[in-house]
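Right, one structure below, let's go through it.
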Amino acid sequence: MGYSILKLFKVVAMTTSHWLRSHQFKNPDIDTDVVIVGGGYVGLSTAYWISELQPSLKIVVLERSHLGAGASGRNAGFLTKGSATFYKTLTDHWGSEKARLLYEFGEESVLLAHQKILKSSPEIKFEKTTSLTLFQSDAQKQDWGNGTFNPESFGFNWKSSNELPTSLQNSFFGAYENENEFRVNPIQVLKSLRMSLEARKVQIIENLSAFELTPHGVSTEYNSIKCKQVVLALNGYFPQFNSEFKKWIKPCRAQMLAVELEDEINSNSLHYDSPERVYWRKDSEKTLLIGGKRMLDEKAEEGDFEKLSPIIQSGLEAYLRDQLKVRYKVLHRWSGIMGFTEHELPILTKINSPLETFAIGGFSGHGMGFGFKSAMEMAELVIGKKTHSFFDQFKDVKITL
Ligand SMILES: Cc1cc2nc3c(=O)[nH]c(=O)nc-3n(C[C@H](O)[C@H](O)[C@H](O)COP(=O)(O)OP(=O)(O)OC[C@H]3O[C@@H](n4cnc5c(N)ncnc54)[C@H](O)[C@@H]3O)c2cc1C
């Protein structure tokens, strides 16, 4: 009874009252090998890889609301290596060689997700496409072109206006195109992961918040879960769980809008308009998803709770009218929480704490692209196959809880 009430109100439970209590554990104290806290794409992918690499380990995934309640169920479904501008920024900061390593990591992650997740659920929406990093003018491209970044050597190929789909030709000067990207329905991806995990006897517990780590495991409002290892996969919610994470991960809200198109757009790519800080794609012939424009209300968007920003939502609509020049009907508006880090690279590390604990999170806008292989790296740390993660070469993260 309690459970269905929770579902009805979509409660994001930190604590639950007696009236809304959803769990009546017969044996409240659970004993397992690994607890993964956070039921998003990254937490589930981490469970996937641990169970794949070491099937004998008992795994519990703990989610305080429902799977996909965080960014993983609210994103734009770009399963991509990211825009040319992202790799230009990384090259300007780290140099070409390191930026290339990151590109290859993203490339492998996207292909792995495609192979592994689609293989177990061929019916899910996982459409191969390209990404386009758009430029509105020659001046904009010239401005962008300063520096050592060579887009072609990263697999980004220039398309001038007349080579773009016809409905983009009047609005854009050209674009860098990248192949082997995917449009996904993120909820279907999570469902597919859930099915694989349940088949492997991974226990998924929803509507149960982890309160704190103890020397023996994780405590929640109803029980203590005894385990040998914990993986925290909390993305933008890390600082809420423990303030030690504040210096590494900043939670920021991001706005999304879904519209029904009244005019045709004949491009099925994933689009980035970096100077406008907008990303958009079609979800079906008539439906378009658009997000971004955080700079219109940047300060107000800092935080770890969802709400709509009228300023940003209007900015997204202005882009549809003035840049894409389409007529539309608004279908749905929503927001989600991203976990931002320095240089937008995730944190993937072992933590100093009495119980063996790991953190994976802070994926900024790239969690779908970078998340799956990052989760594999995390699984390798957990089972002791590796002592350092790929991302350690970019930053030295030291966290003590
Ligand atoms: C609007 C928006 C659009 C985006 N678009 C894209 C995109 O198109 N492509 C892309 O690659 N990335 C995109 N991203 C980023 C991407 O969605 C994230 O990087 C990715 O989903 C992070 O996954 P995660 O599992 O680490 O985090 P989350 O999905 O946030 O999962 C963390 C989970 O932890 C749970 N939790 C929190 N506290 C507790 C606790 N105490 N106990 C138990 N559970 C807890 C939360 O409920 C949540 O479900 C977007 C993000 C947003 C917000």
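The values are calculated or read from the model by the stated rules, or taken from the named source; none is laboratory data. In this text the structure is predicted, and so the values were computed from the model without any measurement. Heads up, the Cβs are rebuilt from the backbone with ideal geometry, glycines too, and the neighbour counts pull from every protein chain shown.
So, Phe105, is that one within 16 Å of the chain's Cα centre (by Cα) and either at pLDDT 95 or above or of a type in the set (Val, Ile, Thr) (or both) or not? Taking the combined requirement at face value, the residue satisfies it. Summed over the stretch 90-99, the residues that are under 23 Å from Ala375 (Cβ atoms) and crowded, with 19+ Cβ neighbours inside 10 Å give a count of 2.
The condition of being among the basic types (Lys, Arg), more than 12 Å from the ligand (Cβ to nearest atom) and in contact with a helix residue (DSSP H, G or I) (Cβ under 7 Å, 6 or more places away or on another chain) holds for only one of Lys386, Lys325, that being Lys386. When the stretch 110-129 is limited to residues that are surrounded by fewer than 18 Cβ atoms within 10 Å (Cβ to Cβ) and in contact with a Lys or Arg (Cβ under 7 Å, 6 or more places away or on another chain), the one that is modelled with the highest pLDDT turns out to be Leu112. One residue stands out among those in the stretch 191-211 that are without any contact (Cβ under 8 Å) to a residue 12 or more places away in the chain and within 23 Å of Lys125 (Cβ to Cβ): the one that is farthest from the chain's Cα centre (by Cα), which is Ala199. A residue that is under 30 Å from Gly217 (Cβ atoms), polar (S, T, N, Q), touching a Phe, Trp or Tyr at 6+ places or on another chain (Cβ under 8 Å) and in contact (Cβ under 8 Å) with a residue 40 or more places away in the chain cannot be found anywhere in the stretch 383-395. The set of residues from the stretch 107-149 being among the hydroxyl-bearing types (Ser, Thr, Tyr) and in contact with a helix residue (DSSP H, G or I) (Cβ under 7 Å, 6 or more places away or on another chain) comprises Ser109, Ser120, Ser121, Thr133, Thr148.
Restricting attention to the stretch 214-236 and to residues that are closer than 17 Å to Leu67 by Cα and more than 8 Å from the ligand (Cβ to nearest atom), the residue that is surrounded by the fewest Cβ atoms within 10 Å (Cβ to Cβ) turns out to be Leu232. Just wondering, is there one or more residues in the stretch 270-278 that are more than 13 Å from the ligand (Cβ to nearest atom), hydroxyl-bearing (Ser, Thr, Tyr) and surrounded by fewer than 15 Cβ atoms within 10 Å (Cβ to Cβ)? No, the stretch 270-278 contains no residue that is more than 13 Å from the ligand (Cβ to nearest atom), hydroxyl-bearing (Ser, Thr, Tyr) and surrounded by fewer than 15 Cβ atoms within 10 Å (Cβ to Cβ).
Taken together, the residues in the stretch 238-250 that are within 11 Å of the ligand (Cβ to nearest atom) and crowded, with 23+ Cβ neighbours inside 10 Å amount to 2. Residues of the stretch 24-58 that are in contact with a Cys (Cβ under 9 Å, 6 or more places away or on another chain), at pLDDT 95 or above and not acidic (Asp, Glu): Thr32, Val34, Val35, Lys58.
The sole residue among Lys81, Lys58 that is of a type in the set (Lys, Arg) and within 11 Å of the ligand (Cβ to nearest atom) is Lys81. Would you confirm, using the coordinates I've provided, whether Gly367 is within 13 Å of the ligand (Cβ to nearest atom) and either surrounded by fewer than 17 Cβ atoms within 10 Å (Cβ to Cβ) or small (Gly, Ala, Ser) (or both)? Yes: the conditions hold for Gly367. Six or more apart or on different chains, Cβ under 8 Å: which pairs go from a residue in the stretch 57-68 that's under 16 Å from Val382 (Cβ atoms) and part of a strand (DSSP E or B) to one that's more than 11 Å from the ligand (Cβ to nearest atom) and of a type in the set (S, T, N, Q)? Could you list them? As it stands, the answer is Ile59/Thr32; Ile59/Ser51; Ile59/Gln203; Val60/Thr32; Val60/Gln203; Val61/Gln203, since those pairs meet every condition given.
Of the residues Ile337, Ile360, Ile351, which single one is within 16 Å of the ligand (Cβ to nearest atom) and either assigned by TED's automatic domain parsing to the domain that holds Pro310 or basic (Lys, Arg) (or both)?
Values: Ile360 fails: either assigned by TED's automatic domain parsing to the domain that holds Pro310 or basic (Lys, Arg) (or both); Ile351 fails: either assigned by TED's automatic domain parsing to the domain that holds Pro310 or basic (Lys, Arg) (or both).
Sole residue among the options that is within 16 Å of the ligand (Cβ to nearest atom) and either assigned by TED's automatic domain parsing to the domain that holds Pro310 or basic (Lys, Arg) (or both): Ile337.
Do the conditions hold for Tyr87, that is, is it outside the structural domain of Leu234 (by TED's automatic domain parsing) and part of a helix (DSSP H, G or I)? The answer is yes for Tyr87.
Just to be sure, is Ile399 over 16 Å from Gly291 (Cα atoms) and among the β-branched types (Val, Ile, Thr)?
When the stated conditions are applied, Ile399 passes them.
Residues that are near the ligand (Cβ under 10 Å from one of its atoms) and not in a helix (DSSP H, G or I) within the stretch 36-54 comprise Ile36, Val37, Gly38, Gly39, Gly40, listed in sequence order. With a requirement of 2 or more residues that are within 16 Å of the ligand (Cβ to nearest atom) and not assigned by TED's automatic domain parsing to the domain that holds Asn242, the strands (runs of 3 or more DSSP E) lying completely within the stretch 141-213 that satisfy it span 174-184.
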